[in-house]
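Please treat every number below as a calculation from the coordinates, not as lab data. Small disclaimer: the values here were computed from a predicted structure and weren't measured. When we count neighbours, we look across all protein chains shown, and the Cβ atoms used for this are built from the backbone with ideal geometry, even at glycine.
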Amino acid sequence: MSPRVALTVDVEDDWNTGSLRGIDEALPTLLDDLDARGIRATLFWVGEAALRRPDRVREAHARGHVIASHGMTHVALSRCTAAQQRDELTRARDALQSIVGAAVTGFRAPYFDLPRGLGPVLASCGYRWSSSKAPFSPVAYYRHLFAPRAAHALDGADVREIPVPGMLGLPIPEGLSYRRLFAPLAALGPRPPRVFYLHPYELLDGADGFALPAHLRPFLGVGEGTAARRRLARLLDRWRDASATFDTLSEHTS
Ligand SMILES: [Zn+2]
């Protein structure tokens, strides 16, 4: 069977600065690039960003991409009370559903910070699937390092988790940011990942106004903009050459 890749995009403000240049300038170009390749993606929208750019959400939905939730404010859920977690989950879902006029049942935890036991909470807030576990998180660290890599039920709830795998089997999440940071290493891995993620703002040129700590800027800013866009195009072509097919995430994804 040919390998399958789900391209996922976390649609949020630029590096938590409140700026939406990524959504305004990079997302439309990204969707054009995906259309040209016949790829439908899964877009995890932060509710607040979606409310500021409802037309962008509707356009992506109309172009056939799956609209899912990335929380209301992009806060790390393990730092929230139970009431705040529920508030993040329901407000984001309500906002997105009212914008697209269709059910929104998918979720990705900001920073891959999925607290233990959140499955039943997700289910009670109307979610049916999630892609929130990655081998490393800047907030949750290695909490999900030994989680199953295949899709599985979350905490016994009726919520299907489709994890983001590690690059080359290492505890490095399969995302464009880490592929940029570990570029020589990433070149060794020709096998398509089951799930891959990126952010629109990574594709922006000249984004040096970001409120990143100065010591992180050289690392997180490496290969951004046009270079990142080219890297993504090469990856998509390489996976296609490896006979991969592209699919979207849903409660039925295996
Ligand atoms: Zn995010």
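Using a Förster distance of 25 Å, how high is the FRET efficiency between Arg86 and Val139, based on the Cβ-Cβ distance and rounded to 0.05? Plugging the Cβ-Cβ distance into 1/(1 + (r/R0)^6) gives 0.85.
Note on Asp32 and Leu170: the model spin-label points, each 7 Å out from Cα along the C-beta direction, lie 3.4 nm apart. From its DSSP helices (H runs of at least four residues, each -39,500 (n - 2.57)), the chain gives a residue-normalised ellipticity at 222 nm of -9000 deg cm²/dmol.
Is the shape of segment 1-131 best called rounded, prolate or oblate, per the rule: a/c under 1.5 gives rounded, else a/b larger than b/c gives prolate, else oblate, with a ≥ b ≥ c the square roots of the Cα gyration tensor eigenvalues? Mind dumping the intermediate values first?
Working: a/c = 1.71, a/b = 1.38, b/c = 1.24.
Cα axes put segment 1-131 in the prolate bin.
Extension gain, Ser250-Asp205: 0.36 nm per intervening residue step, less the Cα-Cα distance, totals 13.0 nm.
Rg and Dmax of segment 4-247, based on Cα coordinates, read 16.8, 47 Å.
Length gained on full extension, Arg234 to Ala103: 43.8 nm, using 0.36 nm per residue less the C-alpha separation. Placing a pseudo-label 7 Å from each Cα along the Cα-to-Cβ vector at Asp241 and Ala123 gives an inter-label distance of 4.5 nm. Along its three principal directions, the equivalent ellipsoid of segment 93-172 from the Cα gyration tensor extends over semi-axes of 24, 13, 11 Å, largest first.
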